[in-house]
């Protein structure tokens, strides 16, 4: 950060000193010119629905954007041979979310958009210098940025804005010189700045029209792990209260021993006061318990009530129901589970997750966060608990009371980016360039860890099994994450291996799965204190410094090396005349990519399961441009991103119930991964196709229409059609239609409900 400040300060001092170079008797303000434009753009939705991350649906023709802005250009001489350029951009968007309605630094809405001086240096002024806040464009691809990596981009409207408007100017020194061989060498020293991505901040920017599923999985109020994790912790607190009989309502202590003797590890003797003895009992063992005439939850007698959600009484007899619920078996809407009747474990989990123990319980999530619904399908998970079938109740004791936080860390940034480009032309008309840029990746990544209230990073400790006498997880063996990644055996497999106790009459088989391999996630600090509602050494209320951990998401930037090249040449053909062939190539070293490990996610090891890992990425664009029908330009492109360090380890695991789940480890799609789509897997080679048309029209060819169509190979589509109509030299009208469609788990298809029509008018002065 210090380096970044020094660069900006140095450039500012240099700019302030430039007027001194004016000759005596000459004002440095001589020759200044002011021009500009006034613009209004209003966009409406063309499709009713709910955009990603939105709290409510919009209707067709609801206003999406209503932006009035100005661009003021100031140009003039600041001494002999030096020119000053400034661009000011006042802006107001009445439909934007808070914080983006007006000016916001380091976005496309920055008031001081550009401020630089053009001058020269060296012998015979051989070096051209542009110093200050500016844009530098290296790439020319349609609808996509490849080599255009010098400036960050404001992606809050996806790619709808022109590159010139969405590109974020930064402070830099830009030096160019022509070489004796006819080539050109350019050197760049610039400040590091991030892309602006809708929804990627502490409050999730809820309400923006172009939040992506990948961002929503981080900060989204319903599906983001920033909010899902503390919601899971609330459920854990509810279960701990049930286990301890909080408020005199009984709870799990009233459950008969025959129901909850979970095999070698995890026996419940009815006297312990927490969830810690449940080291061999998992989420799937609870939620996946189907109705049966004997065994399971149906085996609880009326004299030993099983606690359901919103229990209103402490009795051990008849059901208490104050909500008018006609099905007192499901533990929902203020019921006490009636053990004389059958119920599914998922209904009990749903009730406790959404409502807590009683009406008004602050641990109830009210179905705001995507934790679980009334169905249970771990084969195709769409809610948080379904991704965690092998998580033990002891693990949730660790999480009980946990909170979360989102922070930004710029300490890892270099603060300064630098690079160069060499470009030249051959005698036969081939234009080519080579470039290198060492820079902080403009796309930030999210690092996840557990910390104490004091900010100490906690150690994740994984223990398999527990103490046979007490059921405490500290009796188990500490294992590495790699060792944990073994499948839990079903009851049948366990019996075959001779490692299980005999199945008691009337009990479900899954209750006696391989409890030895059930893994508990524990957190401890450097002093050896464990975190959670109960002390795992004995089950008593934990009174140490770390009562509840904090799940921390840290936004970081990673330094990468980018190697690029470009070429273009014109080929004469008989049928189409001159055809321009072009290509851009980019190789990024150590780009951060998301990797999901569903084995670790299944046991509740969130920070191990959701990680960012370095990968080398190769990208290229091949395109052809031709002019047809007198003056219509047609451009086609093939685009491919290749992940050279792609992770794809397929796996099928087994729960205590004998149910199968996906335990694969793979590279996820950063743009679309989401709780509702199985944390979408990325393509090893992701391909796009584009087709661009542009044609002037009118008597003097003063108007123009453009159309770009982009296709993803896996089904996403985006089409933008825009028209620019010149009423006169000063007044220009614009119209733009953006349509997104296709597979909802693609980069473009996910934006279907953000399709829009935009009208604008611009006055130039």
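For (1) outside any strand (DSSP E or B); (2) modelled with pLDDT under 90; (3) surrounded by fewer than 20 Cβ atoms within 10 Å (Cβ to Cβ), each residue gets a yes or a no:
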| site | (1), (2), (3) |
| --- | --- |
| 443 | yes, no, yes |
| 447 | no, no, yes |
| 455 | yes, no, yes |
| 469 | yes, yes, yes |
| 483 | yes, yes, yes |
| 488 | yes, yes, no |
| 492 | yes, yes, yes |
| 503 | yes, yes, yes |
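Against the list (1) over 22 Å from residue 735 (Cβ atoms); (2) assigned to a loop (DSSP other than H, G, I, E, B), the condition residue 73 fails is (2). Within the range 728-738, identify whether any single residue is more than 23 Å from residue 47 (Cβ to Cβ), outside the structural domain of residue 66 (by TED's automatic domain parsing), buried (at least 16 other Cβ atoms within 10 Å of the Cβ) and without any contact (Cβ under 8 Å) to a residue 40 or more places away in the chain, and answer yes or no. Yes - at least one qualifying residue is present in the range 728-738.
Please determine, by comparing only the residues of the range 678-698 that are in a loop (DSSP other than H, G, I, E, B) and surrounded by fewer than 21 Cβ atoms within 10 Å (Cβ to Cβ), which one is nearest to the chain's Cα centre (by Cα). By that ranking, first place goes to 678.
Among the strands (runs of 3 or more DSSP E) confined to the range 621-677, the ones with at least 3 residues that are surrounded by fewer than 17 Cβ atoms within 10 Å (Cβ to Cβ) and at pLDDT 95 or above are located at 632-643. Only a single criterion out of (1) farther than 16 Å from residue 750 by Cα; (2) in a strand (DSSP E or B); (3) in contact (Cβ under 8 Å) with a residue 40 or more places away in the chain is not satisfied by residue 701, namely (2). Out of the residues in the range 36-69 that are free of Cβ contacts under 8 Å to residues at least 60 places away in the same chain and more than 28 Å from the chain's Cα centre (by Cα), which is surrounded by the fewest Cβ atoms within 10 Å (Cβ to Cβ)? Among residues in the range 36-69 that are free of Cβ contacts under 8 Å to residues at least 60 places away in the same chain and more than 28 Å from the chain's Cα centre (by Cα), the one surrounded by the fewest Cβ atoms within 10 Å (Cβ to Cβ) is 61.
If you scan the range 711-744, which residues turn out to be out of contact with any strand residue (DSSP E or B) (no Cβ under 7 Å at 6 or more places or on another chain) and over 23 Å from residue 637 (Cα atoms)? Result: 728, 729, 744.
Take the conditions (1) surrounded by fewer than 22 Cβ atoms within 10 Å (Cβ to Cβ); (2) at pLDDT 55 or above; (3) in contact with a helix residue (DSSP H, G or I) (Cβ under 7 Å, 6 or more places away or on another chain); residue 359 misses just one of them, which is (3). Residues that are touching a residue at least 60 places away in the same chain (Cβ under 8 Å) and more than 24 Å from the chain's Cα centre (by Cα) within the range 704-727 comprise 708, 720, listed in sequence order.
Does the range 20-42 include one or more residues that are closer than 15 Å to residue 208 by Cβ, at pLDDT 95 or above and part of a strand (DSSP E or B)? Outline the logic, then answer.
To start, the set of residues in the range 20-42 that are closer than 15 Å to residue 208 by Cβ comprises none.
Checked against the condition, which is being closer than 15 Å to residue 208 by Cβ, at pLDDT 95 or above and part of a strand (DSSP E or B), the range 20-42 yields no hits at all.
For the range 565-582, the condition of being crowded, with 20+ Cβ neighbours inside 10 Å and farther than 30 Å from residue 397 by Cβ holds for at least one residue. Please determine, by comparing only the residues of the range 550-564 that are over 19 Å from the mean Cα position of the chain (by Cα) and crowded, with 19+ Cβ neighbours inside 10 Å, which one is farthest from residue 139 (Cα to Cα). My answer is 550. Could you tell me whether the range 402-410 includes any residue that is assigned to a loop (DSSP other than H, G, I, E, B), in contact with a helix residue (DSSP H, G or I) (Cβ under 7 Å, 6 or more places away or on another chain) and more than 22 Å from residue 560 (Cα to Cα)? Yes; the residues of the range 402-410 include at least one that is assigned to a loop (DSSP other than H, G, I, E, B), in contact with a helix residue (DSSP H, G or I) (Cβ under 7 Å, 6 or more places away or on another chain) and more than 22 Å from residue 560 (Cα to Cα).
The values are calculated or read from the model by the stated rules, or taken from the named source; none is laboratory data. Just so we're clear, the structure is a prediction, and the values are computed from it rather than from any experiment. With ideal geometry, Cβ positions are generated from the backbone for all residues, glycine too; neighbour counts draw on all protein chains shown.
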